[in-house]
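Throughout, read-outs are computed from the coordinates displayed, never taken from laboratory work. For clarity, every value in this text was computed on a predicted model and none was experimentally measured. Using ideal geometry, Cβ is built from the backbone for each residue, glycine included, and neighbour counts are taken over all protein chains shown.
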Amino acid sequence: MDSMKLPLKKFNAKRPGALIGTITEVSEYLRLLYAMVGKSGHGSWTSPDSSENSLDGACFSCNGTGTVLGDIDPSRMTVPELSLKHGAMLLWAGTHCGPVEMIKQLAKMIGIDFVRPLAEQDKRFTDILLYGYDNEPVSYIHKNKQMKGFYRGCVFDLRQMRDAGTTSWGNLRAIHFFSHQVKCPECNGSELVPESLPITRLPISELLPFIQNLPSSLDDRDLKISSEVIDEIELRLIYLKKIGLKALPSVNVNPFFTQLG
């Protein structure tokens, strides 16, 4: 990796720009620096084999997004102002799969109006559509075959796809869309590989000398590819220390160099 080819933003201490921009740039460049030399174990940086999957310093669990998929969010699966006929159950909207045929027959069994908005009907119907109906099995026809079974609900169907490890692009897209986004437990939302977090959490009074002394621990190759990044980090840390900032606040890093593609 040749740092001279990266579009580093030169820092001018006389015109530093917005403070949040300076802080974010330090976090971005620390992540880039880790990608350059962190895996060699220089300084206090170490890296297990698993982080080899994270070539740009991004957390390998969340791919640098800071979030991972949580459980299914039922509130996203219905559009109450629509009827079943017009796609109120988003998971199956626009399809003609088995669950759609089952829902049509279930609606007849328990009195759901197929052409009336769900918001205008008994709320219990929505709960049944989401979580299932186990009072009696539903008979329906799918692909010219007579079928019978208990209606399991959209939430169950999606969880089953997820837990079975579906590889279908459509199913994966649905799982992503209908799931909560939660803070990544591996990087705590920082977007960085865990091995780089101790560095970002250092007080600036310790982080600055670490960066200043880092070149002495690098071999010629690593120093060549990282010297410009080190210089830019140092300039910003000097400025942040001068204005009295004691530590880098937590920021969600959205590094400029991942947007070059």
### Overall dimensions of the range 74-183 by Cα: Rg and Dmax, Å
13.9, 46
### Query
What order do you get for LYS143, LYS104 when you list them from fewest to most C-beta neighbours inside 10 Å?
LYS143, LYS104
### Task
May I ask you to derive the FRET efficiency for GLU120 and ILE20 from their Cβ-Cβ distance with R0 = 45 Å, giving the value to the nearest 0.05?
0.45
### Summary
Calc'd 3J(HN,Hα), the range 168-182, phi into Karplus 6.51 cos²θ - 1.76 cosθ + 1.60 (θ = phi - 60°), Hz, glycine/Pro = x, comes to 5, 4, x, 5, 5, 5, 5, 4, 5, 5, 8, 9, 5, 9, 10
### Query
Ordered by residue, what ³J(HN,Hα) values in Hz, to whole numbers, does the range 229-238 give under the Karplus form 6.51 cos²θ - 1.76 cosθ + 1.60, where θ = phi - 60° and Gly and Pro are x?
5, 4, 4, 5, 5, 4, 4, 5, 5, 4
### Message
Give me, ordered by chain and number, the residues 5 or more places off GLN181 or on other chains with an amide H under 5 Å from its own placed amide H.
### Response
GLY70
### Query
For MET147 and LYS108 in one chain, what is 0.36 nm times their gap in residues minus the Cα-Cα distance, to one decimal in nm?
12.5 nm
